[in-house]
Amino acid sequence: MNKNPHGIVAIFNQEKFKDGSERAGSSRDVEKLKTSFNKLKYKVEIHSNFSRAQILQEIRRYSRADMHENYDSFFCIFLSHGWRQLVISNGKYDIGNFVMARDGDIHLEMVYSHFVGEKCSSLIGKPKIFIIQACRGRTLDQGVNDPNPNPTDSDIDLDSLSQDKNVKKFVPSHGDFLVAYSTIPNNASIRHRTVGSWFIQELADEFESNYQRCHLQDMLTNVKHRVTQHIHYDINGEVRMQQPIIEDGLNKRLYFT
């Protein structure tokens, strides 16, 4: 990538909600992400505690046809509570991924659809990366027996080819998407109330350490491994672990230098 900045990083941080509840520690994730992406030469835009209408307005703005003409790529990050549920679209049943705005839900697959080629032409052939720090269910990963348990931590929360120039080139309308989820479907995602979430903290550390020598896909593999090394023991002595998952539709390796 040769543009400077490489692109926009849109961070939607939901720390406070209409019912008065809060996601303590999320601001630490925002700070870490901002530092890391500034180092990677991205323009970071932070949207905190937005309503559903405000988030959808920003998504429409980011998906304007000409929005990314002067950029190489686009990142969109959601930090919030989340879940999966049955949805009906065009008469068909499916399971959708949702995150919480301040006052309502956001269907993530709907967000992704705004950035397909027909709707956002300035991102055709460019990486579109979505990072989701949120639960995708309530199941807690209990891992396997560990002979060296860590102390109980009471500050853990869950986030419920070359061609002839005269030949027209086509690319898949849904090409060059990558979605990184902090956890597998139906499982909870763990966040520390003062330190931040396991996934985002490890992702930011990995980016800062290795962006000059590794491509994105390798770094995300490292992040997955690092998150699986975290072990939390609840007050009952039950093991709590986490497995991130990556849905990679990028058609080439993404280097930041």
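Among the residues making up the range 1-27, a single one is part of a helix (DSSP H, G or I) and surrounded by fewer than 19 Cβ atoms within 10 Å (Cβ to Cβ): Ser27.
In the range 39-55, the qualifying residues are those that are open to solvent by 80 Å² or more (accessible area, probe 1.4 Å) and part of a helix (DSSP H, G or I), and the one that is farthest from Lys16 (Cα to Cα) is Lys39.
On the basis of being under 15 Å from the mean Cα position of the chain (by Cα), over 22 Å from Gly249 (Cα atoms), open to solvent by 10 Å² or more (accessible area, probe 1.4 Å) and of a type outside the set (Ser, Thr, Tyr), does Lys34 make the cut? Considered against the rule, which asks whether it is under 15 Å from the mean Cα position of the chain (by Cα), over 22 Å from Gly249 (Cα atoms), open to solvent by 10 Å² or more (accessible area, probe 1.4 Å) and of a type outside the set (Ser, Thr, Tyr), Lys34 comes out as yes.
Scan the range 60-113 residue by residue and report those that are among the β-branched types (Val, Ile, Thr), closer than 20 Å to Asp248 by Cβ and at pLDDT 95 or above. Selection gives Ile77, Val111. For the range 12-38, the set of residues classified as under 15 Å from Glu202 (Cβ atoms) and among the polar types (S, T, N, Q) consists of Thr35, Ser36, listed by residue number.
The values are calculated or read from the model by the stated rules, or taken from the named source; none is laboratory data. Worth saying up front: this structure is predicted, and the values here are computed from it rather than measured. Note that we place each Cβ from the backbone using ideal geometry, even for glycine, and neighbour counts take in every protein chain shown. Areas reflect the complete protein model, heavy atoms only, side chains present, ligands, DNA and RNA absent. Shrake-Rupley method; radii C 1.70, N 1.55, O 1.52, S 1.80 Å.
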